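Worksheet for the structure shown next.
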Amino acid sequence: SSSSSSSDPSRKYKNTVVQRHPIRVSFLPIDLEKPLEEQHGGKFDVILHKMTEDILCMSKMLRLHEVVMGGGEMHHQNLIHNKGVKPLDLITPTDTMTLDQARASRRIQRLREYKKKVHPACVLVDSPSNILAVMSRADMAEVLSRCLAGVTTKAGIPVRTPRFKVVDEDKNLESRDGCDILANEIDNAGFEYPLIAKPLTAAGTKKSHHMGIVLARDGLQRLDTPCLIQEYANHGETLFKVYVLGNSVWVFSRESTPNLPLGEKEIITVSNDNKKRPKSSSHENDSYNRENNRLTSFFRKRQGRESYVEFERQPGSRCYVEFNSQHPYPKRSDFGDLHDAPRNKQQRCSSLQNPHHNQEHERVPIGHDNDLARFVTREEIEPVTNALRSAFGLDLFGFDVLVKEGGNDREILVVDVNYFPGYKEVQNL
């Protein structure tokens, strides 16, 4: 009997009860301006950090010195040093740094020194070097383009990131020629309006959350460069927030921006400038006045709350809607009436004379597709989560997912990745 039991491990441990003992976890603040070994006894098992401002500061310094991120799959633990790349925690303060850069470098270096020399057993959750790629939307989009190539959900739905273009700071969009050059580049790249514009800096500043929807080429002059422009995908007005904490994954849905008609559009707004009123017959004038009165009433109803559409008629404001991604998103009604955006003055006057021009063509189904959630469950997007975890080398991150509507085929779009999100929808965390 004893011989049989020893030769059969499954029988030997069949009735064994594994005792689980509670572990006391204490969360203590640390000050990176001081040596870690001098704080709270100097023995930390795990260090969690969100050094967004420090990493952003060092990231800008690296770009200033033309140090370009590189390396195949962009796993930042294997950065290519022969291209001049240094992980952030290896950069030491120098006399050429600004005070902010030297401070950021010193704080990041303290983490590395503590982990390497003082307490090697300490777990440093996510190296600052790995967070670099999610600080820049340009780097982020490049990584996503590579790591999502060939990835599908478990049901076989293809996954990708939206097509994008980086608009450099040296683009002179205040001039008509500058806007025309960018508009031609966008046309030649095969983009279709509307587009969404995002600041290149993805975190660490208030400005990083200021977005814009470009409805037509006239709206390009409102861009604040440098920025990233992406294709705008109709997605049932639903955004899926995916939170990742190690091997744990949660998915939550939120209201998002509205479905919009494809093609160049402009917002017909009230103009107090009589010189811009088109010359037309008395019947057309009556129609024009009725439309203006209706729009005046429409805008007056929105007084007393923040409006997303800018009605002051700055150049390009007919074709550009700005919003803050940390506030409620604009709704379809915030866009007013969308009409085909004319390409020249003659077409513009014709459109203003007939404010209902092509209105039937512009109608877009509005509302939430309750079935979209079945495409973005934790199990369905497991291949996506694994691809991002591997590519960015992070354990604490979140990403935003859209289910693109239109045509016979669906697509899953990963539109953003952020480090150490708030996890605010996750209970008991």
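One decimal place: the segment ASP31-ASN247 gains 74.9 nm when fully extended, by the rule 0.36 nm per residue minus the C-alpha distance. Looking at the stretch 143-250, the accessible area is 41 square angstrom per residue; that uses a 1.4 Å probe and ignores ligands, DNA and RNA. Using a cut-off of 20 Å between Cα atoms, the listed pairs LYS43/LYS424; LYS60/LYS207; LYS43/LYS115; LYS171/LYS331; LYS34/LYS115; LYS34/LYS424 include LYS43/LYS424; LYS171/LYS331; LYS34/LYS424 as exceeding that distance. Computed packing ranks the peptides 153-166, 228-241 as 228-241, 153-166, most packed first, by mean other Cβ atoms within 10 Å.
Taking 35 Å as R0, compute the FRET efficiency from the Cβ-Cβ separation of ASP95 and ALA373 and round it to 0.05. Step by step, r from the Cβ atoms, then E = 0.05. Extending 7 Å from Cα along the Cβ direction at GLU192 and again at LYS207 yields two label points whose distance is 3.4 nm. Of the residues SER208, SER248, the one with the largest accessible area comes first in the ranking SER248, SER208, computed with a 1.4 Å probe on protein heavy atoms.
At the listed q of 0.11, 0.12, 0.17, 0.20 Å⁻¹, the Debye profile of the stretch 87-239, built from one uniform point per Cα, gives log10 I(q)/I(0) equal to -0.63, -0.72, -1.06, -1.24.
Ordered by solvent-accessible area of protein heavy atoms (1.4 Å probe), largest first, the residues ILE267, ILE196 come out as ILE196, ILE267.
Here MET51 sits with roughly 10 square angstrom of accessible surface, probe radius 1.4 Å.
Remark: the stretch 371-425 carries a charge dipole of roughly 120 debye about the Cα centre, counting +1 on each Lys and Arg Cβ and -1 on each Asp and Glu Cβ.
The values are calculated or read from the model by the stated rules, or taken from the named source; none is laboratory data. The shown structure was predicted, so the numbers you read here are calculated from the model rather than taken from an experiment. Virtual Cβ from ideal backbone geometry, glycine too; neighbours counted across all protein chains shown. For the accessible areas, the whole protein counts, side chains as well, though only heavy atoms, and no ligand, DNA or RNA atoms are used. Shrake-Rupley method; radii C 1.70, N 1.55, O 1.52, S 1.80 Å.
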